[in-house]
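The values are calculated or read from the model by the stated rules, or taken from the named source; none is laboratory data. The shown structure was predicted, so the numbers you read here are calculated from the model rather than taken from an experiment. No Cβ is skipped: glycine too gets one built from the backbone with ideal geometry, and neighbour counts run over all protein chains shown.
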Amino acid sequence: MTLEIKQTFPLGLLKKLFIKVGVLPFFLFTALVVFTLLSPRFLTGQNLVNVARQSVYLVLVSMGQMLVLISGGFDLSVGTSIALTSVVSALGMVFFAGMFPDMIWLAIALGAFMGFGAALLVGMVNGVGVAYFEVSPFIMTLGVSSVGAGLALFLTGGVPVSG
């Protein structure tokens, strides 16, 4: 009996761990090992800092979406909100940089406030539709997502904002 337990101990422990944490940590570990073996620069400090820097936006959006899901809501317009606020901020910064070429900090601040205003407007439209008109959050945010994506495309004309 003790011989069987000793032979199956690592396998049994691995099975319990797999059931408890799921499959994703195993996939992550496998990917880390494979990519580290394939590229000598993969697991370096510079690459890890680069990945962390690029994932800040995703982490911030995920934290906001987590609050929505914890409170029982459902929001499909998150990506469109990011796109629309980015477009409005960039257009505002370009516009104000032309008006105040010596005060770039003011152009950046005003453009950022315009982006906050766009995000506030998207959130208010979603909130009013769900709270006052009793539209399903899924349908409301899906509709706002479509309208917001179209508005962002219309504002840019399909080309990057530069200036």
Next on the checklist: Regarding segment 82-98, can at least one residue be identified that is more than 30 Å from Gly143 (Cβ to Cβ), in the same structural domain as Gly129 (by TED's automatic domain parsing), surrounded by 11 or more Cβ atoms within 10 Å (Cβ to Cβ) and out of contact with any Cys (no Cβ under 8 Å at 6 or more places or on another chain)?
Outcome noted: yes
Checklist outcome for this item: Of (1) assigned to a helix (DSSP H, G or I); (2) free of Cβ contacts under 8 Å to residues at least 12 places away in the same chain, Pro40 satisfies every one except (1)
Checklist entry - In the list Phe138, Phe96, which residue meets the criterion of being among the aromatic types (Phe, Trp, Tyr), on the phi < 0 side of the Ramachandran plot and modelled with pLDDT of 95 or more? => result Phe96
Next on the checklist: Among the residues in segment 80-91, are any touching a helix residue (DSSP H, G or I) at 6+ places or on another chain (Cβ under 9 Å) and free of Cβ contacts under 8 Å to residues at least 24 places away in the same chain?
Outcome noted: no
Checklist outcome for this item: Within segment 125-155, the residues that are closer than 25 Å to Met114 by Cβ, surrounded by fewer than 17 Cβ atoms within 10 Å (Cβ to Cβ) and under 19 Å from the mean Cα position of the chain (by Cα) are Ser146, Ala149
Next on the checklist: Give all pairs with beta carbons closer than 9 Å in which a residue from segment 106-117 that is within 23 Å of Gly148 (Cβ to Cβ) meets a residue that is not in a helix (DSSP H, G or I); count only pairs at least 6 apart in sequence or on separate chains.
Outcome noted: Leu110/Phe100
Checklist entry - Going by the structure shown, is Val161 touching a helix residue (DSSP H, G or I) at 6+ places or on another chain (Cβ under 7 Å), farther than 15 Å from Gly79 by Cα and not assigned by TED's automatic domain parsing to the domain that holds Ala83? => result yes
